[in-house]
Amino acid sequence: DTTLTPDEIALRTKARGKWVSLPRHGWRRLELVGDPAGGSADDALDRLGLDSADVLTDGRPHTHRVHALQLASEADLLETRDAKLAATLREHSRTLATQPTPPLPEGLRATLRPYQQEGFHFLAHLSALGLGGVLADDMGLGKTVQTLAWLLHLAQNREEGSGPLRVLVVCPKSVTHGWMVETERFAPSLHALAYNPSLGDPHAQLSPGNARLLIANYTQLRINAAWFKQQPWDAVVLDEGQFIKNPGSQVASVARALLSKHRLVLTGTPIEN
């Protein structure tokens with residue numbers, strides 16, 4: 001029965017106890033209350049990793065990005081407040097969960113282990129939904145071959161007349177040769193090319209019938225940022241993701257500015273990063 005100003009709500013959310021003294025209203029208790037049958041709003045926020053202070057920043061509503069599947073799990077609680085929203089969330093979760101599992105692409109010259117197939121299906125699932133992602137596997141478990149299988153999958157499922165796949169792989173200089181060797185070994189149809197600005201316009205080198213996968217190191221990405229940012233890529237793969245873990249660095253800024261339909265980061269030290 002009380003209308004609170006944003007400043008008064010802010011006082012309440014900063015208070016440690018349930019009760020707080022408000023200048024105009026005296027001692028008041030404020031709680032977020034949900035549907036008794038479906039649990040409280042506090043419980044729902046806790047399951048989403050939030051609390052009332054996150055939602056009411058300085059007493060004013062604040063937005064957060066929450067995974068659709070997390071929200072869909074709260075659809076029953078939302079039903080009494082917004083049935084249309086609850087129905088939309090349920091339908092969206094069904095769409096996310098029922099994407100078909102694709103077969104391994106033609107042209108892959110490797111036998112994937114079960115966990116590698118799972119990684120390939122994970123990447124295919126993300127790209128089918130228009131999402132980027134992170135493939136975090138311990139070192140030596142075949143992130144490169146999983147990624148090459150995914151790139152072959154993208155190439156195989158391109159719309160007719162859209163031309164060859166254009167992929168940029170950015171990695172440390174020390175693993176550039178490894179990408180060249182493994183592409184030739186496992187996915188030779190991708191025609192890997194090491195970026196070398198002294199050879200002329202790399203755009204021409206990526207023309208139909210020539211290389212489809214351009215491999216550059218992080219220093220080259222930073223120094224030649226203007227060229228890389230102008231190019232439309234079908235997929236960008238950033239290997240050894242720790243190279244962009246500082247969001248304020250120049251190389252991380254360039255990486256975020258790359259124009260690409262699909263984005264993937266690889267890391268072999270996921271806990272550290």
What spacing in nm lies between the two simple spin-label points modelled at TRP227 and THR98, each 7 Å away from Cα in the Cβ direction?
-> 4.8
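Let's test the formula: R0 of 25 Å, r as the Cβ-Cβ distance of LYS14 and THR63. What FRET efficiency results, to the nearest 0.05? Walk me through the numbers on the way to the answer.
Numbers: r = 20 Å, r/R0 = 0.80.
My answer for the efficiency is 0.80.
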Rounded to 0.05, the calculated FRET efficiency for the beta carbons of ARG24 and LEU85 at R₀ = 41 Å is 0.75
Which length gain, in nm to one decimal place, applies between ARG47 and GLN70 when the Cα-Cα distance is subtracted from 0.36 nm times their residue separation?
-> 7.4 nm
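Provide the gained length on full extension for the span HIS177 to GLU159, in nm with one decimal, where the gain is 0.36 nm per separating residue minus the Cα-Cα distance.
On the way: separation 18, 0.36 × 18 = 6.48 nm, distance 3.10 nm.
Length gained, HIS177 through GLU159: 3.4 nm.
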Would you work out the relative contact order for the chain, in percent, from Cα pairs under 8 angstrom that are 6 or more residues apart?
-> 15
Can you give the three extents of the C-alpha atoms in segment 40-141 along their principal axes, from longest to shortest, in whole Å?
-> 57, 31, 20
Starting from the Cα of ALA257, step 7 Å along the direction of its Cβ; do the same at ARG109; then give the gap between the two resulting points in nm.
-> 3.9
Among all the lysines, which ones have a C-alpha under 16 Å from LYS229's C-alpha, if same-chain residues fewer than 8 places away are not counted?
-> LYS261
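Which value in deg cm²/dmol, rounded to the nearest 500, describes the helix-derived mean residue ellipticity at 222 nm for the chain, given -39,500 (n - 2.57) per DSSP H run of n ≥ 4 and division by the residue count?
Numbers: 13 runs with 109 residues, N = 273.
Rounded to the nearest 500, the figure is -11000 deg cm²/dmol.
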Just the number, please: Stokes-Einstein D of segment 82-149 in µm²/s, Kirkwood Rh from C-alpha pairs, 20 °C, 1.002 mPa s.
-> 156
If the viscosity is 1.567 mPa s and the temperature 4 °C, what translational diffusion coefficient in µm²/s does Stokes-Einstein give for the chain when Rh comes from Kirkwood over Cα pairs?
-> 59
Starting from the Cα of LYS14, draw a straight line to each of the lysines and keep only those under 30 Å, dropping any in the same chain fewer than 8 residues away.
-> none
Residues with amide H under 5 Å from that of TRP233, placed H, sequence gap 5 or more = LEU259, SER260, LYS261
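Applying a 10 Å radius around every beta-carbon, put 87-97, 170-180 in order of their mean neighbour count, most first. Don't jump to the answer; show the numbers that get you there.
Details: 87-97: 14.3, 170-180: 16.3.
Ranking, from highest mean packing down: 170-180, 87-97.
Can you order the peptides 259-267, 220-228 by their average number of other Cβ atoms within 10 Å per residue, highest first?
Working: 259-267: 18.9, 220-228: 17.2.
The peptides rank, most packed first, as 259-267, 220-228.
Counting only DSSP beta bridges with both residues in the chain, what percent are antiparallel, rounded to the nearest 5? Spell out each step's value before the answer.
Values: 6 of 28 bridges.
Of those bridges, close to 20 percent are antiparallel.
Of the peptides 182-191, 156-165, how do they stack up when ordered by the mean number of other Cβ atoms within 10 Å, highest first? Intermediate results must be reported in sequence, preceding the final value.
On the way: 182-191: 18.3, 156-165: 11.2.
Those peptides, ordered most packed to least, come out 182-191, 156-165.
Over segment 77-223, what number does the Rg to Rh ratio reach, with both radii from the alpha-carbon atoms and Rh per Kirkwood?
Values: Rg = 18.7 Å, Rh = 17.4 Å.
In segment 77-223, Rg relative to Rh is 1.08.
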Distance between modelled label sites at PHE122 and MET139, nm, 7 Å Cα→Cβ extension | 1.9
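FYI, it's all coordinate maths here, none of it is from the lab. Nothing here was measured: the structure is a model prediction, and the numbers come from that model. Counting neighbours? That spans all protein chains shown, and the Cβs are built from the backbone with ideal geometry, glycine included.
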